[in-house]
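Accompanying notes for the structure given below.
Each reported figure results from applying straightforward, stated rules to the coordinates on display, with no laboratory input. Keep in mind that what you see is a predicted model, and the values were worked out from it rather than measured. Here the Cβ is made from the backbone with ideal geometry for all residues, glycine too, and neighbour counts use every protein chain on show.
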Amino acid sequence: MADKLLSRYEELKAQVNFHNYRYHVLDAPVISDLEYDRLLNELKKIEADHPDWVTQDSPTQRAGAKVSEKFEKVRHPAPILSLANAFGADDARAWFERVKKIDDRVEKAKFVVEPKIDGLSVVLHYRDGMFTQGATRGDGEVGEDITSNLRTVKAIPLKIPVDSDQFSVISDQLLVASVPRHLVIRGEAFIPIKEFEELNKKLEEAGEKTYLNPRNTAAGSLRQLDPVLTASRPITLLVYQIVHAEGGTVPTSQWEILQYLKSLGFPVSDIPKRFDDLDSAIAYTETFNEGRDTLPYEADGMVIKIDDLTLAADLGFVGKDPRGAVAFKFPAREVTTTLLGIDVEVGRTGVLTPRAVLEAVEIGGVVVRNATLHNFDYIEEKDIRIGDRVLVKRAGEVIPYVIGPVVDARSGKEKTYRPPMKCPACGQPVEHFEGEVAWYCVNAACPAQLVRNVEHFVSRGAMDIEGLGTELVKILIETNSIRDVADLFTLTIEDLAVINEELNRKRKTKNPPKTPAKATAKKAPDKRPEKLFNAISNAKKQPLHRLIIGLGIHGVGEVMAKDLAITFGDLDNLSNATKDGLMEIGGVGPNIAESIVDWFSTTTNKNLLKKLKQAGVWPSEKKKTSASTGKLSGMTFVVTGTLPTLSREGAKEFIEGSGGKVTDSISKKTSYLVLGENPGSKFEKAKSLGVKVIDEAELRKMVK
C-alpha cells in the first residue's frame, strides 16, 4: 500500500511540475486551474501525511516554474511566492486558526482584502525613481528579464511621478519625504475583459487566430521577443506589494503600502478594503463570488492578507506559501474536458444549433455534460474537433459554452466536424446561404418546429385564425390530430370538441380548485369548438399574400409576400418560379430567391401544397392596375414615426393603393421617407443617404 502511495506521489510531482511548465513558461496550459488545484491539493495531502517524503524537487517547495532559456535571468531580491488556497469560508477560518496557534498576536490582527487578478505576476525595479528592469516571477527565486516588453505597457511609470522633495502623507503616523533609491514592486499584468473581447473581434475580422482567455494572451504577449507585438496588445497592470526597498522608508502595513504606491503614481486597484476582523473580511470577499462579473478583469478569487506586515513575516512559510495571507478562491468557471461528440438540435424556427457532448465535468458546483457551440461557423473558426480537449466556461446561470480547443493537448486522433446535410429531426435537406450564419430546415412539416409553424400560420399577420392558441396547437400535435398546417382544414366540430375537452382537463390538472365545487345550474353548451371551426373555415377566404406569409418561407415578410402575390397570382405559378425570375422583383436578392425555390422544391412542402389545394385553400390574386398606373407608381416609400391621421398599416394601404411600394428598410433606392413624430434611426439614415423626407400632408398632395 505504501509503495502504491509513494508511486502516486512521484506521479503527482511529475504532473504538477509539467503543468507548472506549461502555465508559467509556455503560457499554454492544457488543464484548467480547477484541475491543477485538485492535483496540487492531493500532493499536499500526501506530503502532510508523509513529511519525510518531501524533496526539493516537489512543486510545493517552489513557486512558478523554471525560467525560459530565451530570456536573460534575473535574481529577485526576495522570494516572489504564491499563496495557499482557501475554498470557502470554512477553509479561510481554518487558516486563521492555524496561524493563531503560531502567534497569538494574530487574534487582534486587521485584514486587507484584495482581488486575485488572473494575469502574469511581474517584478519592477526602480533606481533613483527610474524604471530600470522588469522581470517575470519565474520560479520565485529567478525570473526572466522582460524589461523591453514591459516598457511598452503604458500603465507602468517609466519614472516615479512624485518628486524627491515632495511630501506625501500616507497616514497620520507616516510621512514619506523621499522615494527609496532602489524600490522593487510586484504587480499583476493583465488584459481587461472588454479590451480582450475587442482584440479577438479585430483578429477574427482580419481572419487571424483568436485567443482563448485574457491571462494567457497577456502572458504570451509579454514573454516573447518582439516589443512591437507587446505594444500592440492592450496590456495594463495593477501593483500591490513592495518586494524590496533600499535607501528610504516604506510603510509596514499592507493597507498603507497600497496608499503609498498609489501616492507615488502607480496603478492600484480600488477594490481593496481593510477590516478589523476576519468575518468581515470573509463577508466582503464573498460578495465578489456573485459579483465577479462587475470586475473589469478576470479574477479567480480574492486575497485575504494580515495587514501588519511585520507580523505576517514573523509567521514564516509553509513550503512556498507565506502563512500571512491566503487566496480565497472562487468556484471555477472554466475547466477543460473531452469533447465526446456534437449533437444537432432543431429549433422552433428551423435553425439547426450544434451542442457539445462532453465528458462529465464539474463547473461551479454543477455537473456539466453538454455545452453550446453557438453555430457551425464557430466550430470551423475555432477548429473544434471531436475528441479535442476543450475549454468550457460557465458563468452564473449562463448556459455553459465551449471557448475553444486546447490544441497542444491533441493526440492526432481528433476528427474534424462537418455540419449535417439533412435535418436530424425529419431527414429533409438543410439550407445554408453564403454570408449567413444559420443553417435551416425548410420542411414546413418538420416535427421539431411544427408547433412554431402552426402558431405562425394561424397568427393575425398570416391566416388570422382566432382562438387557436399555443395550448390547443400543442394538443392537436400531441394527439396526432394534425401533422401539418393543411390538416387544420380537415378538422370537424367534433374533433375540435374533443381537443377542447382535453385542454380543459389539462388546465384543471395544472390548477386544481382550492375549494370543492358547489352544485350549480346546468352550464350552457361550450361554443368554442364551433367558433374555432368557423374561424378555420373563414381562413380559406384570406388573400394570397396572407397564405404566403403563413407558409413561413425564410426571408419572405409581409411586403415581399404582397409582391409575390401580385407578380405570380397563385401558388401554382409561384411554385414554378425560377431563381432568375424571382430576382427581377425589387427587393429579392439571390439568397431569398434561392430560399423560395428551395422551399417549393422540397417534397414534404409539395405534399403540403397539394393538401391545401384539396382543402380549398388556394386563393388567387390579379395584378392591380393601380400598381402600374397610380400616381405613386415606380416609387418606394419607408414610413417611420407616428403620423397625424394614418396608422402604419393605413399608410401602407394608402401608398400601395396609389401604385407605390412600401419597404421596411432605408436604402439608396428608397424614393421617400414618410416622417412622423418620434422617428427612429431611419430618419438619420435617410439624411445620410440623401433620401428625400416628406410628411403625411406632402404624401397626400402627391396623390391628389
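Dipole magnitude for segment 626-703: computed about the Cα centre from +1 point charges on Lys and Arg Cβ and -1 point charges on Asp and Glu Cβ, it is near 340 debye. Evaluated on segment 561-704, the Kirkwood hydrodynamic radius is 17.0 Å, with distances taken between all distinct Cα atoms. All C-alpha pair distances within segment 73-329, sorted into 5 Å bins from zero, spread as 1, 6, 12, 16, 18, 17, 14, 9, 4, 2, 1, 0, 0 percent across the bins.
In the chain, the ratio of gyration radius to Kirkwood radius, Rg to Rh, stands at 1.10 when only Cα atoms are counted. Working note: 222 nm ellipticity from helices only, DSSP H runs with n ≥ 4, each -39,500 (n - 2.57), summed and divided by the residues of the chain, gives -10500 deg cm²/dmol to the nearest 500. Measuring r between the beta carbons of Lys70 and Asp90 and using R0 = 35 Å, the FRET efficiency lands at 0.20. For a straight C-alpha distance cut-off of 24 angstrom, the lysines reachable from Lys159 (same-chain residues fewer than eight places away being disregarded) are Lys73, Lys262. The calculated P(r) of segment 2-61, using every Cα pair and 10 Å bins from 0, goes 22, 54, 21, 2 in percent.
Taking other residues whose beta carbon is less than 13 angstrom from the beta carbon of Val113, and scoring Lys, Arg as +1 and Asp, Glu as -1, yields -2. Using a simple spin-label model with pseudo-atoms 7 Å out from Cα toward Cβ, Ala231 and His182 lie 3.1 nm apart. Placing unit charges on the Cβ atoms of the charged side chains and taking the dipole of the chain about its Cα centre, the candidate lying farthest along the positive direction among Gly220, Val346, Phe96 is Val346.
The HN-Hα couplings worked out from phi for segment 569-577 by the Karplus form 6.51 cos²θ - 1.76 cosθ + 1.60 (θ = phi - 60°) are x, 7, 6, 4, 5, 5, 4, 9, 5 Hz, whole numbers, x standing for Gly and Pro. Sparsely packed loop sites in segment 556-622 (the trypsin sites (Lys or Arg not before Pro) outside DSSP H, G, I, E and B with at most 15 other Cβ atoms within 10 Å) comprise Lys622. Note on segment 534-557 and segment 324-354: Cα centroid distance 41 Å, given to the nearest whole angstrom.
The label point for Ser82 and the one for Ser620, both projected 7 Å from the Cα toward the Cβ, are 8.0 nm apart. Cross-link partners for Lys510 among the lysines, with Cα-Cα distance under 16 Å and sequence neighbours closer than 8 places in the same chain left out: Lys474. Its Cα centre serving as origin, segment 73-329 has a Cβ charge dipole (Lys and Arg +1, Asp and Glu -1) of approximately 580 debye.
Calculated from the alpha-carbon coordinates, segment 626-703 shows an Rg and a Dmax of 11.4, 33 Å respectively.
In this calculation the C-beta distance from Arg38 to Glu97 is compared with R0 = 22 Å, giving a FRET efficiency of 0.40. When +1 charges are put on Lys and Arg Cβ atoms and -1 charges on Asp and Glu Cβ atoms, the dipole computed for the chain relative to its Cα centre reaches about 2740 debye. Hydrodynamic estimate: the Kirkwood radius of segment 340-490 over Cα pairs, inserted into Stokes-Einstein at 25 °C and 0.890 mPa s, corresponds to D of 139 µm²/s.
Projecting label points 7 angstrom from Cα along Cα→Cβ for Asp526 and Lys508 puts them 0.9 nm apart. Each Lys or Arg adds one and each Asp or Glu takes one away; over the other residues whose Cβ falls under 9 Å from the Cβ of Pro79, this sums to 0.
Size check on segment 566-644: the Cα extents along the three principal axes, sorted descending, read 46, 30, 27 Å.
Using R0 = 25 Å, the C-beta based FRET efficiency linking Val407 and Thr353 works out to 0.55.
Where a Cα-Cα gap under 19 Å defines reach, which lysines qualify for Lys4, not counting those fewer than 8 residues away within the same chain? Reachable lysines: Lys13, Lys44, Lys45. Charge tally around Pro267: other residues with Cβ under 14 Å, Lys/Arg +1 each, Asp/Glu -1 each, net 0. Cross-link list Lys682/Lys704; Lys669/Lys704; Lys70/Lys413; Lys154/Lys209; Lys393/Lys415; Lys110/Lys320: which exceed 28 angstrom alpha carbon to alpha carbon? Checking Cα-Cα distances, Lys70/Lys413 exceed 28 Å.
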